[in-house]
Amino acid sequence: MSARRLLLVVSTGDTDVQVVADRGNGPARGEIAKKWAADVHKRLLEACTLVDTPPALLPAPAWRCPRPRWACLPKLDAGLDWCQRERPGVPVSVLVLGTRRDLREEPLAAIQLSCQRAAARGANPVAGVPYLGARERLEDTSAPRDAVIRAAAVKRIDDAVKAAITDDVSEVLILATGGFPAVKQLLGSLVRFRAQSRKVIELAVPRLRPGAPEVAREVAQAVQPTRSFDARLAALRLVRQGEWSAAYGATQDLEHAHDGWASALHRLHLWSATLPLGQTACGDPEVFAHPLAAVRVALRAEAALRSGRVPEALHATVGFVEEALLDALRRAGATPGENGGFWRLAAAPDAAYIETDPKAWRTSPRPFMADGTDHRFGCLGDKLRLAASWADAQLRTRAFTTLAEAVLRRNPDRHARDLRNDVAHGSPTEWIMHDATAHMQSVGLWNDPQGRPSLLWPEGPACAVLQALGEEAGHALFDNLCADLERTLTRHEYR
């Protein structure tokens, strides 16, 4: 930002402009009776002098001043006083929002007089914008989009705020003590959105005892009870769509970020990213403790498919095949060697799976290599077929071979691993991703049972491999995870 400037955003209402009269013991101010507001405000626009706000109050509202000579703006003065007191020497610009309708009770002069007073007190630039005019109503209950605030009014407010927050504005103050409550709530959200990284402060001017000067005070942002429920509903929708990290990211900055339900979303993000979870927490989905590492990779692929992230789904699908083989190795008592790329078996597998020539290790199709009493395992390239054959022999199934053949099936000249490498080592294009989706479906790795690709479809090779490893309900893993999180988020009490 090129300079430091405060922006004071003021929302005007019925009591922002008050008349001033001298009853013989000094000036005093009074609110304008609402039913005569338009008439009094017209007279103020014709001829009146804006003065400093006197602390004394008139004994009764100025019902119908025949010729009001003076007027003051207590709330605006209090806001500008705050700027001078808390940010001395910092230039101030002012945006005044209000209504200018042809109604008997309308405070017609509020915007114009507020702008005049702000300019007279040194604010620059000053802008006034009416968000309702003629005989417009704030809402239109016949149209859902306009039922709270008309879309046209929202756009006028948004355009005004967007234009007022210039590059040199470093801090935005909201003085929304007047006007409609719905506009006040909108203004808080809208200003924070448009201010981006700038600090936003809400000011209030509380009513004090009669005769006391009005003083603006900084107030904490009100916590709307609806935010917790709206945030949880949005998070659940994102979870069901497979956008797990987005569900966490969309809620981590809310005031409920340390509540139990937000912690559950954070743990889902960590678990899906294979980051440390620490101790088991109450409300964790059952799948977090699943003994098969391939389950996590399969769910990552399923989540990516449900949200349309094809590159990530390709990565995870091929990764699932390799992780499932490692799960089979664990079942056979294998342990990782010093080199994380190899696993060691204490007992020798069948000789058909062992390569005895160290020089031929990288080109041999055999998944194991003789190495003293240990036998190293790798699943590079064509080793995948024999590794799958070995796993099938261990588990007395054909599921691994079926899955490996689907991964290595060329259509016409590329297979799933090639497509994964395209994503890993290049920049995928739209047509490559379209062809990749078609290929993965044609070889039976992904299916499209409900209008979206899926890895964990009931009759698919992935579910068959999970069943061989002991997971009987692979097709229900994703829905069960979502159901567990839904129970956690809906069980949490509001506090």
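The values are calculated or read from the model by the stated rules, or taken from the named source; none is laboratory data. These numbers come from a predicted model, not from an experiment. Neighbour counts are summed over all protein chains in view; Cβ atoms, including those assigned to glycine, are modelled from backbone coordinates with ideal geometry.
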Inspect the stretch 435-452 for any residue being under 23 Å from S307 (Cβ atoms) and of a type in the set (K, R) and give the result as yes or no.
yes
Residues located in the stretch 251-284, provided they are at pLDDT 85 or above and either among the hydrophobic types (A, V, I, L, M, F, W, C) or outside any helix (DSSP H, G or I) (or both)
A264, L265, L268, L270, W271, A273, T274, L275, P276, L277, D284
Within the stretch 318-337, which residues are over 23 Å from R409 (Cα atoms) and of a type in the set (A, V, I, L, M, F, W, C)?
L329, A332, A334
Extreme residue, surrounded by the most Cβ atoms within 10 Å (Cβ to Cβ), among residues of the stretch 449-484 that are farther than 23 Å from L325 by Cβ and charged (D, E, K, R):
D484
Scanning the stretch 83-102 for residues that are within 33 Å of the chain's Cα centre (by Cα), hydrophobic (A, V, I, L, M, F, W, C) and not in a strand (DSSP E or B) gives C83
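From the list W361, W390, W431, pick out the single residue that is within 25 Å of E472 (Cα to Cα), in the same structural domain as A313 (by TED's automatic domain parsing) and among the hydrophobic types (A, V, I, L, M, F, W, C).
It is W390.
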Identity of the residue in the stretch 135-171, of a type in the set (K, R) and in contact (Cβ under 8 Å) with a residue 12 or more places away in the chain, that ends up surrounded by the fewest Cβ atoms within 10 Å (Cβ to Cβ)
R135
Output for the stretch 194-237, where each listed residue is closer than 28 Å to S307 by Cα, hydroxyl-bearing (S, T, Y) and exposed (fewer than 11 other Cβ atoms within 10 Å of the Cβ)
T226
Name the helices (runs of 4 or more DSSP H) wholly inside the stretch 399-495 in which the number of residues that are among the charged types (D, E, K, R) and under 30 Å from the mean Cα position of the chain (by Cα) is 1 or more.
416-425, 430-442, 477-491
Quick check: anything in the stretch 123-139 assigned to a loop (DSSP other than H, G, I, E, B), small (G, A, S) and either assigned by TED's automatic domain parsing to the domain that holds V154 or under 30 Å from V172 (Cα atoms) (or both)?
yes
Determine which single condition V129 fails, assuming it passes every other condition in (1) surrounded by 20 or more Cβ atoms within 10 Å (Cβ to Cβ); (2) over 20 Å from D52 (Cα atoms).
(1)
Hey, can you tell me all the residues within the stretch 239-250 that are part of a loop (DSSP other than H, G, I, E, B) and either of a type outside the set (G, A, S) or under 29 Å from L187 (Cβ atoms) (or both)?
Q241, E243, A250
Looking at the stretch 389-398, which of the residues that are farther than 17 Å from P365 by Cα and of a type in the set (D, E, K, R) is farthest from the chain's Cα centre (by Cα)?
R396
(1) surrounded by fewer than 18 Cβ atoms within 10 Å (Cβ to Cβ); (2) out of contact with any Ser or Thr (no Cβ under 8 Å at 6 or more places or on another chain); (3) under 22 Å from H315 (Cβ atoms): which one isn't true of G378, the others all being true?
(1)
Cβ-Cβ distance below 8 Å, separation of 6 or more or different chains: which pairs start in the stretch 424-447 with a residue that is of a type in the set (G, A, S) and end on one that is part of a loop (DSSP other than H, G, I, E, B) and at pLDDT 85 or above?
G444/G460
Can you list the strands (runs of 3 or more DSSP E) found entirely within the stretch 160-238 that contain at least 3 residues being at negative phi, among the basic types (K, R) and at pLDDT below 85?
none
